[in-house]
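The values are calculated or read from the model by the stated rules, or taken from the named source; none is laboratory data. All values derive from a computational prediction rather than experimental measurement. Here Cβ is always computed from backbone atoms with ideal geometry, including for glycine, and neighbour counts include all displayed protein chains. Accessible surface is based on the protein model in full, side chains and every heavy atom, while ligands, DNA and RNA are left aside. Shrake-Rupley method; radii C 1.70, N 1.55, O 1.52, S 1.80 Å.
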Amino acid sequence: MENEKGIVKLTRKQLYDEIWALSVAGVARKYNLNYGKLIATCKAENVPFPSSGYWTRKNMGKDVSNEAVELSGHEETEISLITNDATIKLLLDCMYTIRLKNCL
């Protein structure tokens with residue numbers, strides 16, 4: 001759910017549900033987010049995510065139903081995630097501003 005251009009806003013519960021359904025990499029692709037920053041955000045916001053071994057076992061048809069870590073705390077807390085497009089635009093804007101200042 002993208003409310004502002006370049007910003008994805010999800011509740012902790014929505015992020016948790018999507019990560020356990022798709023994987024962190026899948027959510028990063030879906031919303032065009034930086035994978036490393038998404039992992040860091042999950043850790044900072046205490047949103048548990050499955051290990052890579054979880055997806056290996058699941059894809060091999062093994063039972064992984066007992067491996068899910070429950071989300072605790074404030075499920076409705078909103079998290080804002082900056083998309084890769086917004087990050088690139090911000091960097092370009094900064095470079096443009098620096099160039100303008102150097103030309104004056």
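Quickly rank 27-35, 53-61 as a protection proxy: mean count of other C-beta atoms within 10 Å, highest first.
Answer by packing, highest mean first, reads 27-35, 53-61.
At R0 = 30 Å, how high is the FRET efficiency between Asp85 and Asn46 if r is their beta carbon distance? Nearest 0.05 is fine.
0.65
In the structure displayed, which of Lys30/Lys58; Lys30/Lys62; Lys9/Lys62; Lys5/Lys58; Lys9/Lys58 lie more than 24 Å apart, Cα to Cα?
With Cα atoms farther than 24 Å apart: Lys30/Lys62; Lys9/Lys62; Lys5/Lys58; Lys9/Lys58.
Report in % the part of the accessible area of the stretch 1-56 that belongs to carbon and sulfur, leaving out ligands and nucleic acids; probe 1.4 Å.
Reported share for carbon and sulfur atoms: 53 percent.
Counting only other residues whose beta carbon sits under 15 Å from that of Gly26, what net charge do I get with K and R as +1, D and E as -1?
Local net charge: +1.
With every protein chain left in place, what is the accessible area per residue of the stretch 22-74 in square angstrom, probe 1.4 Å?
Per residue, the stretch 22-74 has an accessible area of 65 Å².
Once both labels are modelled 7 Å past Cα along the beta-carbon direction, what's the Thr11-Lys30 spacing in nm?
Rounded to a tenth, the inter-label distance reads 1.6 nm.
With θ set to phi - 60° and the Karplus curve 6.51 cos²θ - 1.76 cosθ + 1.60, what are the ³J(HN,Hα) couplings of the stretch 51-63 in order, to the nearest whole Hz, using x for Gly and Pro?
6, 5, x, 4, 5, 4, 4, 4, 5, 8, x, 6, 6
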